[in-house]
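One structure is given below, represented as structure tokens, and several questions about it will come after.
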Amino acid sequence: MEFKLAVIPGDGIGPDIVEQAVLVLEKVGEKFGHTFHCQTVLAGGAAIDATGGCLPQETIDICKAADAVLLGAVGGPKWDNLPGGERPERALLGLRKELGLFANLRPAVIFEELAGASPLKPEILSGGLDIVVVRELTGGIYFGERGTKDTDLGPAAYDVEMYAEEEVRRIAKVAFDMAMKRNKHVTSVDKANVLESSRLWRRVVAEVGKDYPEVTLDNLYVDNAAMQLVRNPRQFDVIVTSNIFGDILSDEASQITGSIGMLPSASLAKGNFGMYEPIHGSAPDIAGQDKANPTATILSVGMMLRYTFGLGAEADAIDNAVKAVLAKGYRTPDLYTGEGTLVGTAEMGRRIAEEI
């Protein structure tokens, strides 16, 4: 089979980790007889430097024409002084909107070999951890009305949290469909004791849940959910929540697993189209130094194979290759605790590719 990919290396360590992910993807193609046509495009700070804008129209057009998008990371202190609407990170919001990417899937999985890197006690993680955070991605406070105004207390700024029923309904369906393939348990996270938007959220999620009688639905306030994630994370299967709450809780879940450098993500539109990226940032302080962990980006490629291309065996090959490399004791600096073999970005990518 042949597939077209738009590849956005981005900024900081983005080019370093994407290079290794493409290497692994090419290895998958060799083994399974597929061809992946990759076209590199600009977004974020690199696009600002080259074109003056963080998301050129050419990038949008090429992404729309592709079967999927692979993204490294964007942003960095070099562009911190730009106005909010011109910063590299705005490219992410633009891509989500232009490509219709409304559902963000962020798995948080404990690899047995890395359990010691988790900040939680071993008894809390006994038996493993496998959570998926389903985050609504194109609504809520990040896309709501915003502005400034004068008040009795001086200049003020505001951002509006608003959700339409259909926005909640479609993300809830994604969560329940995923739960049906897992342990049939959905936890919906909101702040319904305070926010009107959360009360609508809770009502619509409950309505969708009626169509999935086999799935257990729980509701948690976001503050309690944050506490429960570190107190007893094994109680969760699928967590569905809003844009801002999902942003925060998925990062918390990532740290439970021991390293943010291990966690992939998928941002999905209707149908099979998706954008795939690691959940971590651009880490410009280690860019180009062969120190970044490419594993999250490589695992994101695995999610691409599974969710967009429907290639389950190929996705399993990547997951198993990562496990094999970890089992052999190879560790990038973020994972290294004095035991095993310390390797850099390129060697980690090469060894995973060799295990395919």
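Given a Förster distance of 41 angstrom, what is the FRET efficiency for LYS4 paired with GLU112, based on the Cβ-Cβ distance and rounded to 0.05?
Efficiency, rounded to the nearest 0.05: 0.70.
Are there any GluC sites (Glu not before Pro) in region 258-356 that are in a DSSP loop and have at most 16 other Cβ atoms within 10 Å? List them by number.
Passing both the DSSP loop test and the Cβ count: GLU339.
Right, here's the next one. Can you give me the distance in nm between label points at ASP80 and GLU123, each placed 7 Å from the Cα along the Cα-to-Cβ direction?
4.2 nm
Tell me the label-point distance for the pair ASN320, LYS149, using the 7 Å Cα-to-Cβ offset, in nm and rounded to one decimal.
Simple spin-label model gives 6.0 nm for this pair.
Using R₀ = 51 Å, calculate the FRET efficiency as 1/(1 + (r/R₀)^6) where r is the Cβ-Cβ separation of ARG203 and ASP61; round to 0.05.
Computed FRET efficiency for ARG203 and ASP61: 0.85.
Determine, from the Cβ-Cβ distance of ARG231 and ASP49 and an R0 of 56 Å, the FRET efficiency 1/(1 + (r/R0)^6), rounded to the nearest 0.05.
Using R0 = 56 Å, I get an efficiency of 0.80.
Quote the charge dipole size of region 279-356 about the Cα centre in Debye, to the nearest 20; the model charges only the Cβ of Lys and Arg (+1) and of Asp and Glu (-1).
40 debye
When only Cα pairs under 8 Å and 6 or more residues apart are kept, what is the percent relative contact order across the chain?
Here the relative contact order equals 22 percent.
Work out how much length LYS270 to ASP130 would gain on full extension: take 0.36 nm times their residue separation and subtract the Cα-Cα distance, in nm to one decimal.
Between LYS270 and ASP130, full extension yields an extra 47.9 nm.
Could you give the accessible area per residue of the chain, probe 1.4 Å, as a whole number in Å²?
Heavy-atom SASA per residue in the chain reads 44 Å².
How about region 143-216: which trypsin sites (Lys or Arg not before Pro) there lie in a loop by DSSP and see at most 12 other Cβ atoms within 10 Å?
LYS181, LYS210
How much of the accessible area of region 1-156, in percent, comes from carbon and sulfur atoms when a 1.4 Å probe is used?
50 percent
Compute the length gained on full extension between GLU98 and THR337: take 0.36 nm times their separation in residues and subtract their Cα-Cα distance, giving the result in nm to one decimal.
81.8 nm
In addition: Tell me which of THR216, PRO88, PHE176 sits at the most positive position along the dipole axis of the chain, charges placed on C-beta atoms (Lys, Arg +1; Asp, Glu -1).
THR216
While we're looking at this one, here's another question. For region 72-219, report the convex hull volume of the alpha-carbon atoms normalised per residue, in Å³, without decimals.
201 Å³
Are any of the pairs LYS31/LYS328; LYS78/LYS149; LYS121/LYS181; LYS78/LYS328; LYS4/LYS31 more than 27 Å apart by Cα-Cα distance, and if so, which?
Among LYS31/LYS328; LYS78/LYS149; LYS121/LYS181; LYS78/LYS328; LYS4/LYS31, the Cα-Cα distance tops 27 Å for LYS78/LYS149; LYS121/LYS181; LYS78/LYS328.
How large is the helix-only mean residue ellipticity at 222 nm for the chain, computed as the sum of -39500 (n - 2.57) over DSSP H runs with n ≥ 4, divided by its residue count, in deg cm²/dmol to the nearest 500?
-12500 deg cm²/dmol, from helical runs alone.
Now for a different question. For region 20-149, what is the Kirkwood hydrodynamic radius in Å, using each pair of distinct C-alpha atoms?
Every distinct Cα pair counted, the radius reaches 18.0 Å.
Want the number for GLU26 to ALA157: 0.36 nm per residue separation, take away the alpha-carbon distance, what's left?
Answer, rounded to one decimal: 42.4 nm.
Sticking with this one: Please list 5-14, 52-61 highest first by mean number of surrounding beta-carbon atoms within 10 Å per residue.
In decreasing order of mean packing, 5-14, 52-61 become 5-14, 52-61.
The values are calculated or read from the model by the stated rules, or taken from the named source; none is laboratory data. None of the values given here were measured: they were computed from a predicted structure. With ideal geometry, Cβ positions are generated from the backbone for all residues, glycine too; neighbour counts draw on all protein chains shown. When the accessible area is computed, the model is the full protein with side chains, heavy atoms only, and any ligands, DNA or RNA have been set aside. Shrake-Rupley method; radii C 1.70, N 1.55, O 1.52, S 1.80 Å.
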